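The structure under discussion appears below in the form of structure tokens.
Just so it is clear, none of the values below were taken in a lab; they were calculated from the coordinates. Quick caveat, the model's predicted, so the values are computed rather than measured. Note that each Cβ is placed from the backbone with ideal geometry, even for glycine, and that neighbours are counted across all protein chains shown.
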Amino acid sequence: MPETVAPESFDPAVRRVVEAAARKGVELRIVVLEATTHTAEDAALAVGAELGQIVKSLVFVAPRDDAGHEPVLCLVSGTNRVDVARLAAVVGEPGIRRATAREARDLTGYAIGGIPPVGHAHGVRAVMDPDLGRFREVWAAAGADRAVFPIAPAALRALANAIVAPIADAVDGPGGAAETAGPVGPATHGDA
């Protein structure tokens with residue numbers, strides 16, 4: 001099992017996450033993995049959790065009239081994939097699409113592989129997959145590609161100020177559980 005890290009040794013990005021959570025009254029236990037993981041399945045193995053307990057943080061963008069974009073953060077169970085049409089209906093944004101890596105970083109302040117549910121550079125609307133609620137504890141990214149934290153799903157929802165809505169489908173078949181999920185798995189974005 002990876003080890004818990006002392007707050008004074010946190011990367012500045014991780015510190016922003018911890019401080020943002022503390023402002024909401026949530027104390028996080030940050031765990032640093034020995035190496036980055038490339039799939040949600042790898043992340044689950046690294047923390048000793050079920051695949052469904054891994055929170056994939058996927059950034060989508062909705063176009064704005066001023067040529068900008070509004071970020072929408074999807075917190076999705078590691079076993080699931082976002083259905084973009086469902087997401088569009090839930091958030092009322094028919095033009096929504098996956099963010100590019102650059103957009104995700106610019107809009108959240110974090111690189112793909114470490115995007116957390118809280119502590120973003122700008123306001124981020126969040127939608128949470130109800131399948132995460134099946135677990136007593138889930139694992140989310142903490143701002144860096146190897147930093148994660150365990151949290152109860154209800155606390156995750158409150159921390160991210162997320163609405164809970166059916167935005168994802170279970171991924172079946174070969175590679176479904178091991179689809180590419182980004183450097184940490186809990187914080188990915190590329191496998192909508």
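Determine, for each peptide in 107-116, 9-18, the mean count of other beta carbons within 10 angstrom over its residues, then list the peptides with the highest first.
Highest to lowest by the protection proxy: 107-116, 9-18.
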Which whole-Hz couplings ³J(HN,Hα) result when phi for each residue of the range 83-93 is put into the Karplus expression 6.51 cos²θ - 1.76 cosθ + 1.60, θ = phi - 60°, listed in order with x for Gly and Pro? 9, 4, 5, 5, 4, 4, 5, 5, 9, x, 10
Would you please put 26-32, 145-151, 88-94 in order of how densely packed they are, using the mean number of other Cβ atoms within 10 angstrom per residue and starting with the highest? 145-151, 26-32, 88-94
Which of 63, 18, 44 sits closest to the plus end of the dipole of the range 3-170, meaning its Cα is farthest towards the positive end, when Lys and Arg get +1 and Asp and Glu get -1 on the C-beta? 63
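Using a Förster radius of 35 Å, what is the FRET efficiency between residue 163 and residue 35 based on their Cβ-Cβ separation? Nearest 0.05, please.
The pair residue 163/residue 35 has a calculated efficiency of 0.55.
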Taking H placed 1.01 Å from N in the peptide plane, check which residues at least 5 places from residue 168 or on another chain put their amide H under 5 Å from its amide H. 83
Would you mind computing Rg(Cα) / (2.2 N^0.38 Å) for the range 25-112, counting N as its residues? 1.25
Fraction of the pair-distance distribution of the range 3-170 above 21 Å, Cα-Cα pairs, percent: 42
Is the range 94-143 rounded, prolate or oblate when judged by the Cα gyration tensor, a ≥ b ≥ c being the square roots of its eigenvalues, rounded requiring a/c under 1.5 and prolate requiring a/b larger than b/c? oblate
Set of the range 50-78 residues, backbone N closer than 20 Å to the point 7 Å along the Cα-Cβ line of residue 97: 58-74
Given backbone amide H placed at 1.01 Å from N, residues whose amide H is under 5 Å from that of residue 70, ignoring those fewer than 5 places away on the same chain, are 62, 64
Show me the ranking of peptides 49-58, 131-140 by mean Cβ neighbours inside 10 Å, starting with the highest. 49-58, 131-140
